[in-house]
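What follows is calculated from the coordinates using simple rules that are stated; it is not laboratory data. Keep in mind the model is a prediction, meaning the values are calculated, not measured. Note that we place each Cβ from the backbone using ideal geometry, even for glycine, and neighbour counts take in every protein chain shown.
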2 protein chains.
Amino acid sequence: MWGKKARAWRRELSWNRKGPGNMRGDGMDSLFSQRVKRARRSVIRELLKLAEEPGIISFAGGIPDPETFPREALAQLAADEILNNYRKSLQYTTTEGKRPLRAALIRWFSQQGLHYELDQVVITSASQQGLDLVAKTFLDPGDAVFLSLPTYLGAIQAFRAMEGELVGIPLLEDGMDLDALEEAIPRARKAGHPPKLIYVVPDFQNPSGVTWSLEKRRRLVEIASRENLVIVEDMPYRSLRFSGTPVPPVAELDEEGRVLVLFTFSKVLAAGLRLGALAGPKRLVEKVVVMKQAADLCTSSLTQRLAARFLLEHDFSQHIQNLCHRYREKRDAMLEALEQYMPEVEGLSWTRPEGGLFLWLRLPEHVDTERMLPRALKHKVAYVIGTPFFVDGSGHNTMRLSFSLPTVEEIREGVRRLGQVLEEELASLPSPQRG
Amino acid sequence: MWGKKARAWRRELSWNRKGPGNMRGDGMDSLFSQRVKRARRSVIRELLKLAEEPGIISFAGGIPDPETFPREALAQLAADEILNNYRKSLQYTTTEGKRPLRAALIRWFSQQGLHYELDQVVITSASQQGLDLVAKTFLDPGDAVFLSLPTYLGAIQAFRAMEGELVGIPLLEDGMDLDALEEAIPRARKAGHPPKLIYVVPDFQNPSGVTWSLEKRRRLVEIASRENLVIVEDMPYRSLRFSGTPVPPVAELDEEGRVLVLFTFSKVLAAGLRLGALAGPKRLVEKVVVMKQAADLCTSSLTQRLAARFLLEHDFSQHIQNLCHRYREKRDAMLEALEQYMPEVEGLSWTRPEGGLFLWLRLPEHVDTERMLPRALKHKVAYVIGTPFFVDGSGHNTMRLSFSLPTVEEIREGVRRLGQVLEEELASLPSPQRG
């Protein structure tokens with residue numbers, strides 16, 4: 001361990017000695033931008049590597065089940081597109097994206113209650129690029145973005161990369177604590193952080209699995225209107241509802257055109273295509289398009305044509321239903337196993353999401369999920385620690401469990417192991433102080 | 001207590017915003033970032049739309065000939081990858097990119113004299129994303145980037161999007177005017193614009209077709225070392241040499257690790273895959289990777305697998321030779337037609353590139369290529385005006401001609417029309433003032 005550090009240090013030294021001006025290394029560090037100096041690699045990314053050891057049952061990555069990818073259909077479409085439509089499918093396309101794909105997405109959006117014209121939809125390289133483009137379009141350094149505690153890690157990274165001031169608002173069972181939001185907005189303004197964006201994942205949020213109530217969605221729109229903010233509504237999991245009744249998207253409740261919607265095909269078609277879309281009021285979307293042009297000119301014509309033809313020529317609704325069936329089984333298996341195997345201990349609770357890929361555990365205050373992780377890995381089970389999802393550094397006693405990738409059997413066995421890990425961890429810790 | 005104050009302030013704000021003179025729209029404009037307020041859509045993009053009219057022979061877009069895309073091979077690989085390797089080809093991959101593709105690229109780089117390890121290469125969504133990531137990694141607002149007059153438009157857009165201060169340096173027949181560069185660097189520093197990057201396309205530059213001499217490449221590296229700058233060496237056309245002797249890449253001459261190389265498959269495999277790579281010293285590349293993670297998590301696994309397998313299982317060198325053969329014919333046709341059809345007039349000249357997709361015309365000073373464009377379109381021929389390639393707004397009498405997309409016959413006919421356009425334009429203008 002120390003040897004490794006020492007080697008890294010020696011490498012640094014030898015770098016500095018190279019060349020006539022031996023301050024060269026430090027000199028080059030001074031060339032980095034402020035955003036890079038502040039940015040860090042994802043902790044989770046590093047942890048995920050640990051979860052790849054053979055024999056480990058991993059609830060860590062938010063990775064779709066590859067058996068849900070419609071491989072026969074896509075293989076046939078790909079061969080046909082490349083062979084017979086190569087002048088389009090292998091050529092550059094417009095920055096906004098392929099028309100047939102945008103048209104197909106407009107139909108999907110309208111099923112969600114959202115009605116867009118062609119020039120209100122731009123294809124992105126999955127929703128992460130949507131986040132990057134939104135950050136570029138709205139954020140100057142120090143501008144305030146409001147997001148929940150916890151929230152999606154990719155959003156944190158995208159907004160941080162444009163040096164936004166990230167303001168965390170507690171997430172309750174039915175959505176963000178909007179009283180806290182209402183206080184935080186003027187506070188940020190007063191502190192010199194112009195409020196710009198509110199970022200939400202209202203359906204089966206990553207990481208918590210929480211779905212916002214209709215009432216909170218309405219009030220969020222009112223707040224955004226009163227405070228003149230843009231709402232970024234990320235809906236990667238919206239189609240993946242297993243139970244309960246759909247709640248209208250925030251964007252449907254907005255009458256002023258201040259909601260930008262992010263969609264991705266990663267969870268409902270194939271993550272490896274890197275396809276998504278951003279939709280919203282034209283006057284905002286056209287600025288996003290300018291940013292996209294500088295970012296990558298356009299998204300892959302080939303993958304766009306594949307997705308467009310899949311949506312046009314295959315039964316996407318049926319495909320989604322099959323997905324939901326598969327993931328519902330896995331969610332149910334995880335919930336049942338948690339009931340069965342988790343120790344009965346005060347302060348332990350978990351969410352019961354009506355869809356999506358994740359559920360969220362809160363452990364007793366004195367348990368630290370990062371400290372507990374080596375024990376879990378020893379027991380051959382992996383989870384994601386909660387802290388990286390909290391912009392305020394809290395959440396030490398939380399974890400995210402993803403049920404999408406393992407089989408039902410692996411889920412049962414993995415949760416059994418996790419129960420044992422927690423019991424051992426609790427036994428190893430001094431009892432918490434009582435007030 | 002704080003809540004009360006906040007509410008009072010909100011009332012005031014909402015009073016200011018709502019009411020009869022609903023300023024909602026203006027209010028939302030105030031939410032845009034500085035970079036967006038300054039950014040403009042590409043002029044060329046708008047002009048390209050004009051060139052799409054039926055019957056027009058277009059030398060405008062820098063678009064590869066789709067007949068060069070290896071469609072049979074790619075169709076077969078795509079079907080096989082999706083059907084039999086869907087667990088990888090349709091799934092997320094690492095931010096750095098697929099190992100087999102990076103390994104294949106390392107072999108290609110080594111044929112150019114550049115020797116990289118795996119962790120020195122990151123796959124990008126074509127070279128435009130490379131430019132975006134480089135801009136993010138190094139530029140704070142106002143930081144100076146030095147680039148030639150003219151230079152690649154996509155680079156201008158990417159550096160502008162991160163609010164770089166773009167400093168134009170004249171481009172001579174054998175590369176940048178390095179005396180001018182040596183003067184410009186301290187001048188920028190003095191003016192409060194910390195010098196960060198020098199952006200160059202040393203082989204068959206877009207738009208000019210100019211290739212840098214070895215001597216200038218050496219001196220560029222010396223200047224970058226002395227002034228502590230990073231060189232961004234963009235090599236989209238390097239393989240496309242039709243004649244003459246290859247010159248070592250700038251990166252090969254660098255001993256200090258201050259050159260980042262950008263590669264793209266757009267011109268040598270298929271533009272629609274949106275695949276490229278960034279390579280360089282590990283300490284710089286690892287920062288770029290952090291920025292890529294926030295930008296799109298990863299590039300498409302599917303397109304990466306296709307490119308990797310094409311490079312591993314097919315004869316890429318032979319493919320490149322075929323490409324060169326095809327484009328050489330087109331370049332020769334254009335050069336011959338220019339000799340034949342261009343009027344003999346003082347101040348008219350064009351480049352004779354040894355490779356790439358473009359050549360560059362300089363017209364007499366009193367001719368404005370933007371003003372002349374409607375006449376060209378009337379004659380059913382299109383070109384790209386030169387001005388957008390000049391960060392200082394000069395170049396009114398220049399144009400770029402791309403020979404990649406039209407057939408040899410179309411090239412001859414298009415240049416004939418262009419000669420006529422120029423003759424008419426010259427006849428319509430008052431003779432230039434003589435000194």
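Taking chain B as a Gaussian network of alpha-carbon nodes connected by springs under 10 Å, the highest mean-square fluctuation of the residues B:Asp254, B:Asp296, B:Asp65 belongs to B:Asp296.
Geometric descriptor of chain A, per residue, is 187 Å³ (volume of the convex hull of the Cα atoms). Can you classify the stretch A:151-220 as rounded, prolate or oblate using the Cα gyration tensor, where a ≥ b ≥ c are the square roots of its eigenvalues, rounded means a/c under 1.5, and otherwise it's prolate if a/b beats b/c and oblate if not? Oblate shape, in that a/c is at least 1.5 and b/c is the bigger or equal ratio. Restricting the stretch B:165-225 to GluC sites (Glu not before Pro) that sit in a DSSP loop and have at most 14 other Cβ atoms within 10 Å of their own Cβ leaves B:Glu173. Cross-linked pairs A:Lys49/A:Lys380; B:Lys267/B:Lys378; B:Lys88/B:Lys282; A:Lys292/B:Lys292; A:Lys98/B:Lys37; B:Lys136/B:Lys292: Cα-Cα separations exceed 21 Å for B:Lys267/B:Lys378; B:Lys88/B:Lys282; A:Lys98/B:Lys37.
Note on chain B: with a GNM built from Cα contacts shorter than 10 Å, the maximum mean-square fluctuation among B:Phe109, B:Phe403, B:Phe263 falls on B:Phe109. For B:Arg218, the distances from its label point to the matching points in the remaining copies are 7.7 nm, ordered from shortest, with each point set 7 Å beyond Cα toward Cβ.
Of the residues A:Leu83, A:Leu284, A:Leu133, which exhibits the maximal mean-square fluctuation in a Gaussian network model of chain A defined by a 10 Å Cα contact cut-off? Of A:Leu83, A:Leu284, A:Leu133, the most mobile in the Gaussian network model is A:Leu83.
Among the trypsin sites (Lys or Arg not before Pro) in the stretch A:382-435, those placed in a DSSP loop whose Cβ has at most 11 other Cβ atoms within 10 Å are A:Arg434.
Here the calculated FRET efficiency for A:Ser349 and A:Glu53, from their Cβ-Cβ distance with R0 = 41 Å, stands at 0.90, rounded to the nearest 0.05. For B:Ser317, inter-copy separations between label points set 7 Å beyond Cα along the Cβ vector come to 5.7 nm, shortest first. Dimensions of the stretch A:87-314 based on its C-alpha atoms, expressed as ranges along the principal axes with the largest first, amount to 55, 40, 29 Å.
Listed by chain and number, the lysines whose alpha-carbon sits under 19 Å from that of A:Lys190, ignoring those within fewer than 8 places in the same chain, are B:Lys4, B:Lys5. Calculated FRET efficiency, B:Val408 to B:Arg371, Cβ-Cβ distance, R0 = 51 Å: about 0.95 to the nearest 0.05. So what does log10 I(q)/I(0) come out to for the protein assembly as shown at q = 0.05, 0.08, 0.10, 0.11 Å⁻¹, using the Debye formula with one equal point on every Cα and no solvent? Taking Cα atoms of the protein assembly as shown as identical point scatterers yields -0.29, -0.75, -1.15, -1.36. Annotation note: GluC sites (Glu not before Pro) in the stretch A:50-122 located in DSSP loop regions with a Cβ neighbour count of at most 15 within 10 Å are A:Glu52, A:Glu117.
The per residue volume of the convex hull around the alpha-carbon atoms of the stretch A:354-422 is 99 Å³. With label points defined 7 Å past Cα in the direction of Cβ, position B:Glu370 shows copy-to-copy spacings of 5.4 nm, given to one decimal and shortest first. Of the residues A:Leu74, A:Leu153, A:Leu253, the one with the fewest other Cβ atoms within 10 Å heads the list, and the complete ranking is A:Leu253, A:Leu153, A:Leu74. Couplings 3J(HN,Hα) of the stretch B:246-263, computed from phi: x, 9, x, x, 4, 4, 5, 8, 8, 9, 9, x, 10, 10, 9, 9, 10, 10 Hz, in residue order, whole Hz [Karplus 6.51 cos²θ - 1.76 cosθ + 1.60, θ = phi - 60°; x for Gly and Pro].
For the stretch A:317-435, the spread of Cα coordinates along the three principal axes comes to 53, 31, 24 Å, biggest extent given first. Pop the C-beta distance of B:Thr245 and A:Glu117 into the FRET formula with R0 = 41 Å and round what comes out to the nearest 0.05. Between B:Thr245 and A:Glu117 the formula returns 0.15. Distance between the 7 Å Cα→Cβ label points at B:Gln340 and A:Glu313: 4.3 nm. Expressed to the nearest 5 percent, the antiparallel share of DSSP beta bridges inside the stretch A:154-296 is 45 percent. Fully extending the segment from A:Glu423 to A:Arg99 would add 111.1 nm, taking 0.36 nm per residue of separation and subtracting the current Cα-Cα distance.
Counted residue by residue at 0.36 nm each, then reduced by the alpha carbon distance between them, the extension gain from B:Glu46 to B:Ser110 reaches 19.1 nm.
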